[in-house]
1. On the given criteria, is GLU169 open to solvent by 10 Å² or more (accessible area, probe 1.4 Å) and away from the ligand (no atom under 14 Å from the Cβ)?
2. For the stretch 227-265, enumerate the residues that are assigned to a loop (DSSP other than H, G, I, E, B), near the ligand (Cβ under 9 Å from one of its atoms) and open to solvent by 10 Å² or more (accessible area, probe 1.4 Å).
3. Can you tell me which condition THR205 does not meet? The list is (1) open to solvent by 10 Å² or more (accessible area, probe 1.4 Å); (2) part of a helix (DSSP H, G or I); (3) of a type in the set (Ser, Thr, Tyr), and all the others hold.
4. Only residues that are within 14 Å of the ligand (Cβ to nearest atom) and either at pLDDT below 95 or open to solvent by 10 Å² or more (accessible area, probe 1.4 Å) (or both): list them for the stretch 112-136, please.
5. Considering only the stretch 81-93, state which residues are in a loop (DSSP other than H, G, I, E, B) and within 18 Å of LEU347 (Cα to Cα).
6. If I ask for residues that are farther than 27 Å from SER204 by Cα, open to solvent by less than 10 Å² (accessible area, probe 1.4 Å) and outside any helix (DSSP H, G or I), which ones from the stretch 21-65 would you list?
7. In the stretch 390-410, which residues are open to solvent by 100 Å² or more (accessible area, probe 1.4 Å) and at pLDDT 85 or above?
8. Could you check the stretch 290-300 and list, in sequence order, the residues that are within 13 Å of the ligand (Cβ to nearest atom) and either open to solvent by 20 Å² or more (accessible area, probe 1.4 Å) or outside any loop (DSSP other than H, G, I, E, B) (or both)?
Amino acid sequence: MRYSYATHLECSVGHDRYDIRKLQGLSAAGKPLLAGYDLEALRREVRREEIARRPPNLWRWHELLPLEDPAWIVSLGEVETPLIALSHSPRPAGFRPPMVKDESRLPTGSFKARGLAVAVSMAKARGARRLAIPTNGNAGAAMAAYAARAGLEAFCFCPDDTPEINLSEIALQGAAVWRVNGLINDCARLVESGKAKFGWFDLSTLKEPYRIEGKKTMGLELAAQTDWQLPDVVFYPTGGGTGLIGMWKAWAELTALGWISPPLPRLVAVQATGCAPIVRAFDSGASAATAWENAHTIAAGIRVPAALGDFLILAALRESGGFALAVSDSAIEAARQQVGLRDGLLLSPEGAATYAAYLEAAAGGRLRASDRVVLFNCASGLKYPMPAVTARMDVRAPFAAGISLPSPGS
Ligand SMILES: *Cc1c(COP(=O)(O)O)cnc(C)c1O
């Protein structure tokens, strides 16, 4: 039995192969590389029950991860995240409560930890010393944390409207960080142009093969957590799409292993109306997206005007029988408030977007009442601006203005 069953890297378009023992970025065609595994051997040698017996963390999936040796692991405690039913938040009559997979419990408070734990571990093992990333915040925070832990240098480039907390947490975790007067794609160009000069290894979304392997564990975990009976529909807040592509890859691998069987969940890509390139491409039947002009939304994690993996996202949506949906910032804010007030769960705006999209999809007849639905909350709500509290009380004249609870509204 091997620790990892990874065998090769393969271009996601041309399927030409690359040496998995070397530090790799994109394929020769400039497309993402994906890791391949010896699933036949794994199927013979490991039972799914064995994995279920291990401690519940990301590394229990090591056969389906690229690390050859447990000594390569750079860890901050990557726990299995819980599924929490939204029992009290509004839903259409007769529908089952949707479940939230609450990724905010991970190190650095977002699911970016999954991808960066694996990618930083691999980058270090393959000889990288200086890591650079364009980031809307959470990816940079996770890269900074794991780089510090690994003893590597980290350089982060953030659009200047990145949430303040993200900038501060990146700086406190030992990385160099800049506010850039542009969008995420401008930051990506900066990393590109500094690579050769400063010796950076580029950890941009899908520009190296292992963040997606880390994100894949969301799909693996969901399978084990649901007793290998995956939900019917999964709503995913989609920026670069690593998680969505990663889950689809995970389920293909689990299917090949015979550990799950079809039907697989329908995937729903959720975006904001102020930045919805995938929704536009999906609805027009295109196989790739065009860049979104003047992208804006409070949901910083999904403010990605152009995604390198757009064709992989669109293929996964179509193969799964899913769809793509954009929701407005006001719907996101209302959703965040509803779930906080009624269910006591403080979602990130991106997570709230999935609940808003769920309501819209249900109202539009795109879901069945019996569907088991999972929504992804990808980051801690504590990282984002929250409404100011203005109520004051005078100890010398208490209760003068009366006492009331916040209204949950409709
Ligand atoms: C990065 C991020 C996303 C988008 O994830 P992708 O897998 O890159 O599409 C969504 N929400 C939050 C909070 C994020 O940080």
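The values are calculated or read from the model by the stated rules, or taken from the named source; none is laboratory data. Because the structure is a prediction, the values reported are computed rather than measured. All Cβ positions, glycine included, derive from the backbone under ideal geometry; neighbour counts span all protein chains shown. SASA here: full protein model, heavy atoms, side chains in, ligands and nucleic acids out. Shrake-Rupley method; radii C 1.70, N 1.55, O 1.52, S 1.80 Å.
1. Working: open to solvent by 10 Å² or more (accessible area, probe 1.4 Å): yes; away from the ligand (no atom under 14 Å from the Cβ): no.
No; evaluated as a whole, the condition is false for this residue.
2. At the first step, the residues of the stretch 227-265 found to be assigned to a loop (DSSP other than H, G, I, E, B) are 227-232, 238-241, 258-265.
Then keep just the ones that are near the ligand (Cβ under 9 Å from one of its atoms); that gives 238-241.
Result: GLY240, single match.
3. (2)
4. Here is the first cut: in the stretch 112-136, the residues within 14 Å of the ligand (Cβ to nearest atom) are 112-116, 118-119, 133-136.
LYS112, PRO134, ASN136 - these are the residues of the stretch 112-136 that are within 14 Å of the ligand (Cβ to nearest atom) and either at pLDDT below 95 or open to solvent by 10 Å² or more (accessible area, probe 1.4 Å) (or both).
5. THR81, PRO82, LEU86, SER87, HIS88, SER89, PRO90, ARG91
6. VAL46
7. Restricting attention to the stretch 390-410, the residues satisfying the condition of being open to solvent by 100 Å² or more (accessible area, probe 1.4 Å) are 390, 392-393, 395-396, 399, 401, 403-405, 410.
If the condition is that a residue be open to solvent by 100 Å² or more (accessible area, probe 1.4 Å) and at pLDDT 85 or above, then THR390, ARG392, MET393, VAL395, ARG396, PHE399, ILE403, SER404, LEU405 are the ones that fit.
8. Filtering the stretch 290-300 for residues within 13 Å of the ligand (Cβ to nearest atom) gives 297-300.
Residues satisfying the conditions are ILE298, ALA300.
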